[in-house]
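Heads up: the structure comes next, in structure tokens.
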Amino acid sequence: MSVAINVDNVVKKYGDLTIIPGLTEHIKNGEFFTLLGPSGCGKTTLLRMIAGFNSIEGGKIKFNEQVINDIPAHKRNIGMVFQSYAIFPHLTVRENVEYGLKLRKMPKDEMKQKVDKILDVVQITEYQDRLPERLSGGQQQRVALARAIVIHPSVLLMDEPLSNLDAKLRVEMRSAIREVQKQVGITTVYVTHDQEEALSISDRIAVMKKGVIQQTASPHTIYTRPYNVFVSTFIGHSNLFKGHIEAAAGEKLVVFADGYRMTMTTLSEEAADGQEVVISVRPEEFSICREGEGVRCKVVTKVFLGKYVNYSLEFPEEMLVPNQPSIEYSQDLGHAEKLLEVGDMVYLKPNAMKINIFVADGSRSLMEGVVENE
Amino acid sequence: MLSIVVFGLFLIYPLFSLFVSAFQDAATGNWSMQNFVHFFERKYYYQSMINSFTVTTSVTILAVIIGTALAYFMTLYRVRCKSIVEICIIISLLSPPFIGAYSWILIGGRSGILTRWLAEYGIDFPSIYGFAGILLVLTLKLYPFIYLYVAGAMKNIDSALIEAAESLGCSGIRKVVTIILPLITPTILAGALMVFMNAMADFGTPMLIGEGFNVMPVMIYSEFINEVGDQANFAAAMAAIMVLITSTIFMLQKYVVNRKSFTMSSLRPMQTGELHGGKNVIMHACIYLLVALSMIPQLVVIYTSFLKTNGSIFVDGYSLDSYIRIFNELGTAISNTYIFSTAAMAAIVFLGMTVAYLTTRRKSWLTDIIDTLTMFPYIIPGSVLGITLLLAFNEEPMLLSGTALIIIISLVIRRLPYTLRSSSAILYQLSPSLEEASISLGASPVKTFFKVTAVMMLPGVMSGAIISWITAINELSSSVILFTGATKTMSVAIYTEVIRASYGTAAALSTILTLTTITAMVIFFKVSGRRDVTL
């Protein structure tokens, strides 16, 4: 039933405006695949092209080996969950879920059995005879999910389905969706701009920017080994420093602008002596150390967050890549020897195993084994 | 596609033939400006244009003043029996247009009730005929347009705007002039356009009460049915001039409104306050007087329908004679009215929903054309539409004149834009993702339209359709040109009865029409669950 999706050099244009300039991606059968990106990056556009609600101006989209470009939306056998849920307000919960099955002319008793089962899976059996306007957001969300899944679609498409829910419900529904998806084992394409949601729910994530996929990888890889500077700053926070590579005696070192140098064992072949680079350090990849070891900076603000203490730091301007909102250090309270105070001058040492090095324009990673599409 | 054909065949083609025949010399069939020259050479003709303009402008100004003032007081102050007042206003708006003229003749005409009563005391009642009569009848008939529009806009003014003005030290009359009036100006202009177009196109009122005061629709009608030689071409020329005038006004209004328009949505509408003492009494007196004046025509007509008549004269005593006579003689007119309007309504609902769907959901250059085309009926007066249809369809292979179909077509064309507009408004509020959800579940777009979109549009469209039905049963200006003996409708019958001075039967017919209108309105309020009407 479930299929793999092949997106082959697909183009989307609105008039003269190109939204997606030619995008290729392979979504595996049964996986939970998330399109993540800032608003306007084309992720919803791509999803609606797969669904058949947007025309395709170039390239091909295939379900398994079948090209679906010219198959109208209603014949693609897709299940879609909308941001606004799009529950039919004139039908009860049960009638909403039955809608797709009725169109498939399913016998009455088989339909009843299926609907009962799916209502149970999404836990809305008790509301089945209500009209949608009398349901809460989370319940409506469950109806939308049940309605999309019950028809056993080839793919399940979800367009920011949780963005209208409050924070607590969002987390709850997130695991509900994930659970139901695994149970049914259906290829799912999920669109969101919420990185935490994407990291927690997906098998693989594609990070998009301006209609181009920046990196496709598992949540863990995306976070720890981003392919470029955009991904590293879009997912979580990254502090960007200027630096260069030194290669000598089979050893590679990365040198900060203030002269601090550290040995790297994770760099790729490509990294060459004297090459200008961007050094990306996440706030939790620093640790406080003795004077002279690490980079020197000043604590500017301090925010207590419970598990962590967040400091923002001041460095000499020439050490940093320009136009960063802030340089941050997160101190894990579980391992903190002492807390810093605003105004303190400290030495921070980046963790050489964890930090990422990019080429000077930020477009590629110089880390061993990092690829654009995993 | 279908709608393109419908509009093309029944609107563009007829209009085209109208303009063609306007530029044709009747005797030779050659191209000529003769008809237009003829019109502007004779004072008798061009005076009618001036008359039309004067009376229409005066009606519009008066209706704006009365309607706006009424809306202001009704919204901001507590008025006793407000809902009854509102219902009366709506009834007077929806009642047949010429009933006003006809019953004011019964009251203040040469042998009117009031005239004769005053004459016994030696008082001369001022003449109701001519300019003053048209002004009176049309103003009373049309101020409700302004009222409904403005009252709607007033409800959308957020009280925070008023409070902001007050906190800045603005109060009383300055608050009205600097805040409220500017906020409702676009609405007033929209309402004024409706009043202007209606007053300009109205045929029944000036025909009955105008006497020597000729206006263009009457002139066009009498030249047209006066089948002597070249008159059809001349009438076409006059009709063309009229279309030119109305479209100019239409464009002008669009231009002004586009420059001034903004959207308002109120979180908290303005509170109603209470007036005290003398002011309160005066306000109530004015409102009740106005409503009484608007309702008098209806009441007079109902009353006189039960009077005994002898020819054109009412005699003492009551009877049902008038009703018996109309059921015997004019039964087909009554059934025609219901059949035609219901057929037209069905067509309007179907076309309105599908065309609105296509224009809002499947935008293309084609739908843009349809969008523009549907504006035409706003600017084409009923009598002009009647003439254009007749001119276009009185020859083989498209011989429609004299059939019921041509009357139904004229009703559809006149009302369709209104249904279209309201259907589109409903569609814009329906999220497209509902349709996409249905399609994603495997319903074809056509199936989705009928199972989801149409189902959800229907309540809104139906309530609009009822209003269309009401205006259709009351339609006179195009039917009076298109009818033949077999396709006579009630409003045409009333008109011919009044012309024959058979006032009793006319009154009985009018009563039936008024009661039907009120019944339909009750259904409308039930269906829509609303207390107001948009036209």
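The values are calculated or read from the model by the stated rules, or taken from the named source; none is laboratory data. Because the structure is predicted, anything quoted here is derived from the model rather than measured. No Cβ is skipped: glycine too gets one built from the backbone with ideal geometry, and neighbour counts run over all protein chains shown.
Restricting to region A:218-256, name every residue that is within 29 Å of the chain's Cα centre (by Cα) and charged (D, E, K, R). Outline the logic, then answer.
Initial filter on region A:218-256 (within 29 Å of the chain's Cα centre (by Cα)): A:218-243.
A:Arg225, A:Lys242, listed by residue number.
Taking B:Thr487 as the residue in question, decide whether it is free of Cβ contacts under 8 Å to residues at least 40 places away in the same chain and more than 12 Å from chain A (Cβ to nearest Cβ). No: the conditions fail for B:Thr487.
I want to confirm something. Restricting to region A:270-304 and keeping residues that are in a loop (DSSP other than H, G, I, E, B) and without any contact (Cβ under 8 Å) to a residue 40 or more places away in the chain, which single residue is surrounded by the fewest Cβ atoms within 10 Å (Cβ to Cβ)?
First, the residues of region A:270-304 that are in a loop (DSSP other than H, G, I, E, B): A:270-275, A:282, A:290-294.
Still in the running and without any contact (Cβ under 8 Å) to a residue 40 or more places away in the chain: A:272-274.
Details: A:Ala272: 11, A:Asp273: 11, A:Gly274: 9.
Per the criteria, the residue is A:Gly274.
A Cβ distance below 7 Å, combined with a sequence gap of six or more or placement on separate chains, defines the contacts here; from region A:310-328, residues that are within 14 Å of A:Ser280 (Cβ to Cβ) reach residues that are part of a strand (DSSP E or B) and of a type in the set (S, T, N, Q) in the pairs A:Ile327/A:Asn239; A:Ile327/A:Ser312; A:Glu328/A:Asn239; A:Glu328/A:Asn310; A:Glu328/A:Ser312. Each residue in region A:1-42 was checked for being of a type in the set (Asp, Glu) and under 17 Å from A:Leu156 (Cβ atoms), and 2 pass.
Mind listing just one residue for me: the one in region B:483-507 that is part of a helix (DSSP H, G or I) and among the aromatic types (Phe, Trp, Tyr) and, of those, modelled with the highest pLDDT? Break it down into steps so the answer makes sense when it comes.
Kept after step one, since they are part of a helix (DSSP H, G or I), are these residues of region B:483-507: B:485-487, B:490-499, B:503-507.
Subsequent filtering for residues that are among the aromatic types (Phe, Trp, Tyr) retains B:495, B:503.
Working: B:Tyr495: 84, B:Tyr503: 78.
Restricting to residues being part of a helix (DSSP H, G or I) and among the aromatic types (Phe, Trp, Tyr), the top hit is B:Tyr495.
Yes or no, residue by residue, for (1) in contact with a helix residue (DSSP H, G or I) (Cβ under 8 Å, 6 or more places away or on another chain); (2) at pLDDT 85 or above:
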residue	(1), (2)
B:Lys254	no, no
B:Phe262	yes, no
B:Gly278	no, no
B:Val281	no, yes
B:Ile287	yes, yes
B:Val291	yes, yes
B:Ser294	yes, yes
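I'm trying to understand the selection: among the residues of region A:9-47, which are of a type in the set (Lys, Arg) and under 18 Å from the mean Cα position of the chain (by Cα)? Result: A:Lys28, A:Lys43. Screening A:Val342 on (1) at pLDDT 90 or above; (2) surrounded by 12 or more Cβ atoms within 10 Å (Cβ to Cβ); (3) not in a strand (DSSP E or B) shows it passes everything except condition (2).
Just one of (1) in contact with a helix residue (DSSP H, G or I) (Cβ under 8 Å, 6 or more places away or on another chain); (2) modelled with pLDDT under 85 fails for B:Phe196. It is (2).
Considering each residue of region A:114-137 in turn, none proves to be of a type in the set (Gly, Ala, Ser) and within 14 Å of chain B (Cβ to nearest Cβ).
Among the residues of region A:146-185, those that are at pLDDT 85 or above, within 14 Å of another protein chain (Cβ to nearest Cβ) and more than 16 Å from the chain's Cα centre (by Cα) comprise A:Ala146, A:Arg147, A:Ala148, A:Ile149, A:Val150, A:Ile151, A:His152, A:Pro153, A:Ser154, A:Val155, A:Leu156. Applying a threshold of 9 Å to beta carbon distances and a minimum spacing of six or more residues, or different chains, the list of pairs starting in region B:206-218 at a residue that is part of a loop (DSSP other than H, G, I, E, B) and ending at one that is crowded, with 24+ Cβ neighbours inside 10 Å and of a type in the set (Phe, Trp, Tyr) reads B:Val215/B:Phe203. In region A:1-109, counting only strands (runs of 3 or more DSSP E) that sit wholly within it, the ones holding 3 or more residues that are more than 11 Å from chain B (Cβ to nearest Cβ) span A:5-14, A:17-27, A:32-36, A:58-63.
Take region B:332-386 and flag every residue that is in contact (Cβ under 8 Å) with a residue 12 or more places away in the chain, of a type in the set (S, T, N, Q) and part of a helix (DSSP H, G or I). Result: B:Thr332, B:Asn336, B:Thr337, B:Ser341, B:Thr342, B:Thr354, B:Thr359, B:Thr360, B:Ser383. Only residues that are of a type in the set (S, T, N, Q) and within 19 Å of A:Gln183 (Cβ to Cβ) were counted in region A:91-144, giving 4. Of the residues making up region A:252-267, those that are touching a strand residue (DSSP E or B) at 6+ places or on another chain (Cβ under 6 Å) and farther than 23 Å from A:Pro316 by Cα are A:Lys252, A:Met264, A:Thr266, A:Leu267. Of the helices (runs of 4 or more DSSP H) entirely within region B:395-479, those holding at least 3 residues that are crowded, with 24+ Cβ neighbours inside 10 Å and in contact (Cβ under 8 Å) with a residue 60 or more places away in the chain occupy B:404-429, B:454-473.
Looking only at region A:257-269, count how many residues are assigned to a strand (DSSP E or B) and either within 30 Å of the chain's Cα centre (by Cα) or of a type outside the set (A, V, I, L, M, F, W, C) (or both). Full working, then the answer.
Keep residues of region A:257-269 that are assigned to a strand (DSSP E or B), which gives A:261-264, A:267.
Subsequent filtering for residues that are either within 30 Å of the chain's Cα centre (by Cα) or of a type outside the set (A, V, I, L, M, F, W, C) (or both) retains A:261, A:263-264, A:267.
Result for region A:257-269: 4.
Residue-by-condition table, conditions (1) facing another protein chain (nearest Cβ under 8 Å); (2) modelled with pLDDT under 85:
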site	(1), (2)
B:Arg414	no, yes
B:Arg421	no, yes
B:Leu427	no, yes
B:Ser438	yes, no
B:Ala443	yes, no
B:Ala454	no, no
B:Pro459	no, yes
B:Ser463	no, yes
B:Ile481	no, yes
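Looking only at region B:359-379, decide whether some residue is modelled with pLDDT under 85 and of a type in the set (Gly, Ala, Ser).
Step one: of region B:359-379, the residues modelled with pLDDT under 85 are B:359-379.
With of a type in the set (Gly, Ala, Ser) added as a condition, the list becomes B:364.
Yes - at least one qualifying residue is present in region B:359-379.
When you check B:Asn35 against the structure, is it surrounded by 20 or more Cβ atoms within 10 Å (Cβ to Cβ), more than 27 Å from the chain's Cα centre (by Cα) and at pLDDT below 85, yes or no? Yes: the conditions hold for B:Asn35. Selection over region A:199-219 of residues that are in contact with a Pro (Cβ under 7 Å, 6 or more places away or on another chain) and closer than 29 Å to A:His152 by Cβ gives a count of 3.
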